[in-house]
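Working notes, structure below.
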Amino acid sequence: MQATAHSHDPTRIQTPDPGAAFRVGQRVHFIGQPTRIGTVKYVGAVEGYSGNWVGVDWDADGEGKHDGSHNGITYFTARGPNTASFVRPHNLSAGVSLLEALETRYRAPSTKEEEDEMYVLSATNKKVSIELLGKDKIEDKLSRFEELTSESLPYLGVSCPGSPDLISLTLPSLKELDLTGNLLASWEDIGIICERLPALTALNLSKNCISPDITNTPQLRNIRVLVLNQTGVIWKQVEVLKDSLPQVEELHLMGNKLREITPISSAMVQGFISLQLLNLENNCISSWDEIVKLSQLPSLEQLYLNNNNINHVWYPDSGTFHEGSTPFKSLRSLFLGGNNIEDLESVDALNSFPNLMDIRLLENPVADLGKGGAPRFVFIARLAKVEVLNGSEVTPRERKDSEIRFVRLVMSKFHGNPEEIKRLHPRFNELKQIHGIEDERPSAGASGPQKMASGLISIALKCVGASMGEKPPLVKKLPATTTVGKLKNLCESFFKLKSIKPVLFLQEEGSPLPMLLEDDMASLVEVGVGNESTILIDELS
């Protein structure tokens, strides 16, 4: 007969063990495996086994064996089907203080086993011991803690500050502290650390599972860089911490499953007058309405939004804000890679941001050439102020070439209908005027060859196919109306490619990969080939 599942009270400790000093909600790591971290969900007996057990829900998927149930009995509910384990108390650590971790990091003597492992093999295959150059001097300097200005203590099981007075005496000069992957869970403890380190300006608490409850607001007044990646901190907690962070210049909130920006007292986020960089990458934000709530941050220069779920971008109407208040007035860099943006209207909206010049759009449908997205030159032409696109500088030469190619592309696709052109390509008329490009009109006396010559473009052709041999590149002048299929035939002739079916790629400056030209009926100008473009000729595999 199958056992009937029933719940077990996780807070009721049965047959208490004096050595099992664990409580529900406590952060722990497995002894000897400081990166295997989890949260205590149950302390007590497990039916069918003697003694006390600690039920742990591990942070990493797959670290456990079940979901908090065993033999049909539910002891607790875990995050996933394989994130929970029952562990004997002696196999778990509840952590150490900050100063204990520091002692472990620098003053723990090398064991004989560790020293024996430091050797090289001689020519006769004998072990020759080695000593690190300057090892004693480095250890001596680092062991004088009062001189330390930067310290990294990742995955050392730090769970509490320890003696506040000792922290002040031991680390009076510390400016930067990295506590990634420890067991800190209380803002009160974090506040004590910051208060007792008067010189501290940069604090990294990534991968500490910090409680959402902030009962005593911590004093973080000197902190300029605060990293809270993968801590579970969402904007509600940020708002509570706001008054404690008057000098913060960088705030990192990556991977916190953040879905919305929730100001406390108004529709827009207020305060944070010194904040210059905000990192919200790898979250779950889908609506640009949430991002607009950040538009009144006066000093915000860099906004990281890569790998969210944003599908549309727009610039807020200045009339909806206080008189003289310009939305995103200081924003210079906006990183939108890895979202779901698929419309060029969103790209055009970026022109309205008054100082925006560094933009990332890779890994969006609008930039995916395989899904009908636009090539790099189209973005450069549409974005009047961009100086860095997808991490690559836009040179004056590239801008000029891109804008001319863009105008020719639009002219080849739209004949007449100026209203439609203006709607779909807002900068078209502006760019025509800048570069002095006239509409094509048949003129009396102009012969066919003369008219064709006026549309010639110079392109470089390079063979890259494995079986093509080493062939010198060629530069040819061809009509912009030449089709991709016609160019393939010409390449067979130019390079004497017998029994080889050529495949063409457009190599663009600043693009990580060349673009496949697969539509044989499209003209060169329609696929983005412009003057001095480079075409790579490969072979059909």
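Of all residues in segment 53-91, which are buried (at least 21 other Cβ atoms within 10 Å of the Cβ) and either in the same structural domain as SER159 (by the TED database) or closer than 26 Å to LEU156 by Cα (or both)?
If the condition is that a residue be buried (at least 21 other Cβ atoms within 10 Å of the Cβ) and either in the same structural domain as SER159 (by the TED database) or closer than 26 Å to LEU156 by Cα (or both), then TRP53, VAL54, GLY55, VAL56, ASP57, TRP58, GLY64, ALA78, THR83, ALA84, SER85 are the ones that fit.
Just to be sure before I move on: is SER402 of a type in the set (S, T, N, Q) and under 22 Å from ASP519 (Cβ atoms) in the structure I sent?
Judged against the criteria, SER402 is a match.
Residue check: is GLN230 farther than 22 Å from CYS284 by Cα, open to solvent by 20 Å² or more (accessible area, probe 1.4 Å) and part of a loop (DSSP other than H, G, I, E, B)?
Numbers: farther than 22 Å from CYS284 by Cα: no; open to solvent by 20 Å² or more (accessible area, probe 1.4 Å): yes; part of a loop (DSSP other than H, G, I, E, B): yes.
When the stated conditions are applied, GLN230 does not pass them.
Within segment 466-491, work out how many residues are of a type in the set (D, E, K, R) and at pLDDT below 90.
Count: 2.
Criterion first (small (Gly, Ala, Ser) and free of Cβ contacts under 8 Å to residues at least 24 places away in the same chain) does GLY391 satisfy it?
When the stated conditions are applied, GLY391 does not pass them.
Quick check on ILE341: is it of a type in the set (A, V, I, L, M, F, W, C) and outside any loop (DSSP other than H, G, I, E, B)?
Taking the combined requirement at face value, the residue does not satisfy it.
So which of PRO212, PRO198, PRO246, PRO154 ends up being closer than 20 Å to THR35 by Cα and either at pLDDT below 95 or not in a helix (DSSP H, G or I) (or both)?
Values: PRO212 fails: closer than 20 Å to THR35 by Cα; PRO198 fails: closer than 20 Å to THR35 by Cα; PRO246 fails: closer than 20 Å to THR35 by Cα.
Only one candidate qualifies: PRO154.
Can you pull out the residues in segment 480-506 that are over 42 Å from the mean Cα position of the chain (by Cα) and surrounded by fewer than 17 Cβ atoms within 10 Å (Cβ to Cβ)?
Across segment 480-506, the qualifying residues are LYS486, ASN489, LEU490, GLU492, SER493, PHE494, LYS496, LYS498, SER499.
Could you tell me which numbered condition ARG259 fails, if it satisfies all but one of (1) open to solvent by 60 Å² or more (accessible area, probe 1.4 Å); (2) closer than 20 Å to ARG27 by Cα?
The one condition ARG259 does not meet is (2).
Hey, can you tell me all the residues within segment 338-348 that are buried (at least 20 other Cβ atoms within 10 Å of the Cβ) and under 13 Å from PHE379 (Cβ atoms)?
Once the filter is applied, which keeps residues that are buried (at least 20 other Cβ atoms within 10 Å of the Cβ) and under 13 Å from PHE379 (Cβ atoms), segment 338-348 yields ILE341, SER346, VAL347.
Report, by residue number, each residue of segment 183-195 that is open to solvent by less than 10 Å² (accessible area, probe 1.4 Å) and part of a loop (DSSP other than H, G, I, E, B).
LEU183, LEU184
Search segment 297-312 for residues that are under 29 Å from PRO246 (Cα atoms) and of a type in the set (D, E, K, R) and pair each with any residue that is open to solvent by 60 Å² or more (accessible area, probe 1.4 Å) and in a loop (DSSP other than H, G, I, E, B) when their beta-carbon atoms are under 7 Å apart and the residues are at least 6 apart or on different chains.
GLU301/GLN276; GLU301/ARG332
Just a yes or no: is a residue in segment 286-293 assigned by the TED database to the domain that holds LEU361, open to solvent by 50 Å² or more (accessible area, probe 1.4 Å) and not in a loop (DSSP other than H, G, I, E, B)?
Looking for residues that are assigned by the TED database to the domain that holds LEU361, open to solvent by 50 Å² or more (accessible area, probe 1.4 Å) and not in a loop (DSSP other than H, G, I, E, B), one finds at least one in segment 286-293, hence yes.
If VAL378 passes every condition in (1) in contact (Cβ under 8 Å) with a residue 60 or more places away in the chain; (2) surrounded by fewer than 20 Cβ atoms within 10 Å (Cβ to Cβ) but one, which one does it miss?
Failing condition for VAL378: (2).
Among what's in segment 493-535 and is part of a strand (DSSP E or B) and out of contact with any Leu (no Cβ under 7 Å at 6 or more places or on another chain), pick the residue that is farthest from ASP401 (Cα to Cα). Don't jump to the end; show me each part of the working.
Start the filter on segment 493-535 by keeping residues that are part of a strand (DSSP E or B), which leaves 502-507, 515-517, 523, 533-535.
Those left that are additionally out of contact with any Leu (no Cβ under 7 Å at 6 or more places or on another chain): 502, 516, 523, 534.
Numbers: PRO502: 27, LEU516: 20, SER523: 18, THR534: 13 Å.
So, considering only residues that are part of a strand (DSSP E or B) and out of contact with any Leu (no Cβ under 7 Å at 6 or more places or on another chain), the one farthest from ASP401 (Cα to Cα) is PRO502.
The values are calculated or read from the model by the stated rules, or taken from the named source; none is laboratory data. Note that this is a predicted model, so its numbers are computed, not measured. For neighbour counting, all protein chains shown are included, and Cβ atoms are generated from backbone atoms with ideal geometry for every residue, glycine included. These accessible areas exclude ligands, DNA and RNA; they are computed on the full protein's heavy atoms, side chains included. Shrake-Rupley method; radii C 1.70, N 1.55, O 1.52, S 1.80 Å.
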